[in-house]
1. Looking at this structure, is THR18 assigned to a loop (DSSP other than H, G, I, E, B) and out of contact with any Gly (no Cβ under 9 Å at 6 or more places or on another chain)?
2. I need every pair where a residue in segment 1-27 that is within 12 Å of HIS84 (Cα to Cα) has its Cβ under 8 Å from the Cβ of a residue that is open to solvent by 100 Å² or more (accessible area, probe 1.4 Å) and part of a loop (DSSP other than H, G, I, E, B), sequence separation at least 6 or different chains.
3. Residue by residue through segment 43-67, note down the ones that are among the polar types (S, T, N, Q) and open to solvent by less than 50 Å² (accessible area, probe 1.4 Å).
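The values are calculated or read from the model by the stated rules, or taken from the named source; none is laboratory data. Owing to the predicted nature of the structure, the values given are computational and were not obtained by experimental measurement. Positions of Cβ are backbone-derived with ideal geometry, glycine not excepted, and every protein chain shown enters the neighbour counts. When the accessible area is computed, the model is the full protein with side chains, heavy atoms only, and any ligands, DNA or RNA have been set aside. Shrake-Rupley method; radii C 1.70, N 1.55, O 1.52, S 1.80 Å.
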Amino acid sequence: MFRLWAKIFKENCLLKDTVICNEDYTMNRTKKIYDAIDKICIEFDLAHPIWLQSTIRDFQQHDKCRFTKDNFPEEIDFDYLEIHVIEEDY
């Protein structure tokens, strides 16, 4: 099972969070991540964030990253969206 935890923070307070699960073992890891982000954006009513080089690097190194206002094509009313892979079976 693949599980990704998404959290929205404003002024160091957690506003919203969700866990997206994916049990489709035919999908590769990248597709699971993009699928989870699609579901997060629908649930939180957000535009899709842009993956900047720093975001990609953080995610590759830590399985965790933050999307700030620089990652979104439109204004956001929070400080950042953090995603974190919390479970991953191979």
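1. No, not satisfied.
2. These pairs meet every condition: PHE2/GLU23.
3. Correct list: THR55 only.
Per-residue answers, yes or no, for (1) in contact with a Leu (Cβ under 9 Å, 6 or more places away or on another chain); (2) in a strand (DSSP E or B):
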| residue | (1), (2) |
| --- | --- |
| LEU14 | no, yes |
| MET27 | no, no |
| THR30 | no, no |
| ILE33 | yes, no |
| GLU43 | no, no |
| TRP51 | no, no |
| PHE59 | no, no |
| HIS84 | yes, yes |
